[in-house]
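The block underneath contains the structure these notes are about, expressed in structure tokens.
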Amino acid sequence: MKELSCKTPGEFEYKNAQEPVLSEGRAIIQIKRIGICGTDLHAFEGTQPYFSYPRTLGHELAGEVSEIESNSDFQKGDLVTIMPYFSCGTCVACRKGKTNCCQKISVFGVHEDGGMREFVSVPISTLIKREGLQLDQLAMAEPFAIGAHGVRRAGVKPGDRVLVMGAGPIGLGVMEFARIAGAEVIALDINEQRLDFCKNILNITHTVKASEHTRKEIEELTAGDFCDVVIDATGNSTAIHQGFQYMAHGGIYVLVGLQKGEIAFSHPDFHKRESTLLSSRNATKADFEQVLEALATGKIKVKNYITHRVNFDEVKSNFQSWLDPKTGVIKAMVEV
């Protein structure tokens with residue numbers, strides 16, 4: 001089978017690999033769709049934490065069951081998505097049902113070789129299906145689940161003012177689920193094209209272009225109250241540090257984005273607000289199920305997001321261009 005490996009930062013290589021063999025507790029999936037994620041882009045750039053090379057990327061996946069145990073809930077030919085977070089099932093996090101932050105977690109396409117190949121072997125427990133959903137929808141489940149999990153961590157309620165920093169695919173997913181939860185959403189980004197997408201496609205009422213006036217604009221938008229919830233989806237150190245000043249008293253700050261360095265903030269300023277700081281890592285099966293329900297009922301329209309589409313043999317020649325904001329890429333989708 002054909003496989004695409006990121007040998008070193010900035011270098012891809014197509015190669016021939018052995019097809020996986022069916023083993024107990026696992027399924028063979030023929031990959032049909034691969035969504036390109038910010039993690040993939042950062043890995044290609046060499047800026048992704050917890051990463052080593054060479055690595056076969058790809059964790060936003062949809063495919064068809066090729067081989068599986070006869071006593072499974074799945075059948076050959078089923079269209080599925082894959083939860084790419086492989087947990088141990090026994091650590092303290094797993095025992096509490098927080099498999100998304102397992103102590104020994106292995107993320108498909110990050111800590112181990114992922115889905116940029118024609119067939120993969122994955123645990124049956126990571127498969128999810130929903131009748132009526134198409135391959136593009138299933139491939140988008142994972143990034144939307146990241147957003148759904150972040151909103152759930154924040155406990156967003158109807159009427160909350162939610163500031164989402166970063167209008168990339170993950171941030172857009174956060175906005176979607178904050179909107180579904182009944183929040184008033186404010187989108188913050190440096191990219192005017194992304195902000196136009198938020199306003200014109202997602203119908204986000206308030207958009208703010210990041211500048212030296214950001215704090216003043218948010219203060220005016222909220223009549224001086226600032227935001228009940230701030231969610232970072234940039235993974236940018238400067239943005240993350242600035243996010244603390246946008247919280248209301250009693251506010252919650254959720255870090256969905258990840259940066260390599262430390263975080264520093266004024267303790268007195270944080271304390272006087274009785275602020276809450278949370279991280280949000282990966283997603284759970286419940287988040288995936290919420291996403292599939294939203295997709296099935298039309299609350300989220302995948303066609304709005306897929307701006308670029310290539311065949312598998314075109315990924316190497318196109319990948320570099322997706323790093324350039326001028327290409328206007330929201331989501332690049334690979335057909336296998």
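The values are calculated or read from the model by the stated rules, or taken from the named source; none is laboratory data. Every value quoted in this text rests on a predicted model; they were computed, and no experiment measured them. With ideal geometry, Cβ positions are generated from the backbone for all residues, glycine too; neighbour counts draw on all protein chains shown. SASA here: full protein model, heavy atoms, side chains in, ligands and nucleic acids out. Shrake-Rupley method; radii C 1.70, N 1.55, O 1.52, S 1.80 Å.
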In degrees rounded to 10, the 0-90 angle between helix 285-296 Cα long axis and the longest Cα principal axis of the chain is 90 degrees
Expressed in square angstrom to the nearest 10, the accessible area of Glu67 with a 1.4 Å probe stands at 80 Å²
Amide H proximity to Asp228 below 5 Å, modelled H, separation 5+ or other chain, gives Arg161, Ala248
Expected vector for the range 72-88, Karplus 3J(HN,Hα) from phi with 6.51, -1.76, 1.60 and θ = phi - 60°, integer Hz, x for Gly and Pro, equals 8, 6, 10, 10, 4, x, 4, 8, 9, 10, 10, 6, x, 10, 9, 9, 7
Reduced to Cα centres, the span from the range 234-268 to the range 13-39 in Å works out to 36 Å
Between the residues Ala239, Phe197, Phe265, the Cα farthest towards the positive end of the dipole of the range 192-306, that dipole coming from +1 and -1 charges on the beta-carbon of Lys, Arg, Asp and Glu, is from Phe197
What the Cα atoms of the chain span along the principal axes, largest first and in whole Å, is 60, 43, 38
Toy charge model, Lys and Arg Cβ at +1, Asp and Glu Cβ at -1: the range 221-336 dipole around Cα centroid in debye, rounded to 20, equals 240 debye
Length-normalised contact order of the chain, Cα under 8 Å, at least 6 apart, in percent, tallies to 17 percent
In whole percent, the fraction of accessible protein surface over the chain that belongs to carbon or sulfur atoms, probe radius 1.4 Å, stands at 46 percent
The lysines whose Cα lies under 20 Å from the Cα of Lys301, excluding any fewer than 8 residues away in the same chain, are Lys32, Lys129, Lys199, Lys331
What helix-only [θ] at 222 nm does the chain give? Using -39500 (n - 2.57) per DSSP H run of at least 4, over all residues, to the nearest 500, the answer is -7000 deg cm²/dmol
Expressed in square angstrom to the nearest 10, the accessible area of Leu195 with a 1.4 Å probe stands at 10 Å²
For the range 254-322 the GluC sites (Glu not before Pro) that pass both the DSSP coil test and the at-most-16 other-Cβ-within-10 Å test are Glu262, Glu274
To the nearest 10 degrees, the tilt of helix 169-180 (Cα long axis) against the first principal axis of the alpha carbons of the chain is 70 degrees
Percent antiparallel among DSSP beta bridges confined to the range 46-201, rounded to 5, stands at 55 percent
Computed about the Cα centre, the charge dipole of the chain from +1 Lys/Arg and -1 Asp/Glu charges at the Cβ has a magnitude in debye, to the nearest 20, of 400 debye
accessible surface per residue for the range 113-164, probe 1.4 Å, DNA/RNA/ligands not counted, whole Å² -> 33 Å²
